[in-house]
Amino acid sequence: MSDSFDLKILAADKCFYEGKAVSIIIPAMDGSLQIMAHHENMVFATQEGVIQLMVEDNTPWKRAVVGLGLVNVQNNLVTMLVDSAEWPEDIDRVRAENALERAKEQLKQDQSIYEYNISRASLARAMMRLSESGNRNHIE
């Protein structure tokens, strides 16, 4: 029995990662969820955060910042659909700092519940991008 599974991470604008993985830790709506080979079939929603990915046994974990999305686990294939995905070294700190300031300003304004939730998600994404932008681990 193989200790790996097929993984595909699709962002809104690109195929972010496609290949084998040994383990992935995903920020789910009710806490982090680790998936390994032969995990039970399931579908769940994700929140903004950091995924941790191990592509081979005994190698360092790789990290990436992802946005909201869905994950489908079926027959040793994990498909993750997210609105955004970035390796830490691809994050533009200045752009992330500007996004953080915009999100803070938007939260100070009168907004509908829908607009408030979008602003809150933008704030969380900007904060996550800034915290991870110094991390330089990525898949070659």
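The values are calculated or read from the model by the stated rules, or taken from the named source; none is laboratory data. Nothing here was measured: the structure is a model prediction, and the numbers come from that model. Glycine gets a Cβ as well: all are built from the backbone with ideal geometry, and neighbour counts include every protein chain shown. The accessibility values were calculated without ligands, DNA or RNA, using every heavy atom of the protein model including side chains. Shrake-Rupley method; radii C 1.70, N 1.55, O 1.52, S 1.80 Å.
At-a-glance table
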{"read-out": "Residue check for T59: touching a Lys or Arg at 6+ places or on another chain (Cβ under 6 Å) and of a type outside the set (D, E, K, R)", "value": "no"}
{"read-out": "Those residues of region 60-75 which are farther than 21 Å from K14 by Cβ and open to solvent by 40 Å² or more (accessible area, probe 1.4 Å), in sequence order", "value": "P60, W61, Q74, N75"}
{"read-out": "Hey, Q109 modelled with pLDDT under 95 and under 10 Å from the mean Cα position of the chain (by Cα) or not", "value": "no"}
{"read-out": "Filtered residue count, region 33-92, keeping only those that are touching a His at 6+ places or on another chain (Cβ under 6 Å), aromatic (F, W, Y) and modelled with pLDDT of 95 or more", "value": "0"}
{"read-out": "When residues of region 21-31 are limited to those that are more than 11 Å from the chain's Cα centre (by Cα) and closer than 24 Å to A124 by Cα, the one most open to solvent (accessible area, probe 1.4 Å)", "value": "D30"}
{"read-out": "Residues of region 91-136 satisfying the condition of being free of Cβ contacts under 8 Å to residues at least 60 places away in the same chain, open to solvent by less than 40 Å² (accessible area, probe 1.4 Å) and not aliphatic (A, V, I, L, M)", "value": "S119, S122, S133"}
{"read-out": "From the options R95, R120, residue that is farther than 17 Å from L10 by Cβ and under 18 Å from the mean Cα position of the chain (by Cα)", "value": "R120"}
